[in-house]
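Since every read-out is calculated from the coordinates, none of them should be taken as a lab result. Note that this is a predicted model, so its numbers are computed, not measured. Here the Cβ positions follow ideal geometry from the backbone for every residue, glycine too, while neighbour counts run over all protein chains shown.
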């Protein structure tokens, strides 16, 4: 039974009002990526090879390992095989599928369609002769994949407002920007404003690149952050969208905002005296961990749960065409 539906009646425990943000947790891109690995295992058996973590969550990765998925850093780590080779939800540079094709690998691409949208935008701007600015975080797999869509030097990475103020383009009239999909809405808006003020003719996306799930989860956290003594974000320290939720909570008036991977990571010494708590989860964190955290608080507090819903999500992404065709056969 979900922890949300369970009530505690122990009077000796201190009271705690728990505000749970909705939407939270898995987005459509993460759900699709995990489905691709699970269905590949069902259809073709183990092993299934996955380049990089399919999503940034240790619980998810360990669960898939237990079912027969083998996670590798690079294609060179995969032996000669006819088994599926899966690219992570974050997307990959063009050189990766080219290398897989050279080895005749059976590839299933789990890149989130919203990341693929950014790749296509960058390619379109490049074909139109524009220099491209990518707003994002250096070293993140999504940023590496997006920059790797185009020749070296075609994309300039902007990480901060200061970068936006000091960036010098080759031609200010032939400029475009794209963004990582999991950024802070407020930080990105500030950077884009600076770029637009400095370069009025800069081209941008028709629809914002920051994905619906990142946007919705940040709005949901803003709705609860000012009402609670602390906010806990369930997610991985590698997860960009989870880290942004921690920042959003802090900026929205919450005295204490924490990122944890599992209930075992809750710093109980910092929970002394709290009477209200906000809880959310990054887009790659499964609901089972949210339930685990709720139960951990029920063990120590007399918990009253309120779910604060700021949006309804009904987005679903289809599995890759290659996968459906192969599975159908």
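Miscellaneous remarks
- Tensor-based shape of the range 114-198 (alpha-carbon gyration tensor, a/c under 1.5 rounded, otherwise prolate or oblate): oblate
- Rg/Rh ratio calculated on Cα atoms of the range 152-228 (Kirkwood radius): 1.04
- Helix-only [θ]222 nm of the chain, DSSP H runs n ≥ 4, -39500 (n - 2.57) each, per residue, nearest 500: -11500 deg cm²/dmol
- Were the residues from residue 172 through residue 308 laid out at 0.36 nm apart, the gain over their Cα-Cα distance would be 44.5 nm.
- By other beta-carbon atoms within 10 Å, ranking 109, 163, 77, 269 with the fewest at the front produces 269, 77, 163, 109.
- In plain terms, the residue of 184, 161 with the fewest other Cβ atoms within 10 Å comes first and the most crowded comes last, giving 161, 184.
- Semi-axes of the equivalent ellipsoid for the chain, Cα gyration tensor, largest first, Å: 36, 28, 15
- Taking every alpha-carbon pair in the range 28-112 and binning the separations at 10 Å intervals from zero gives 19, 58, 23, 0 percent.
- Taking 152, 142, 292 and counting other C-beta atoms within 10 Å, the order from fewest to most: 152, 292, 142
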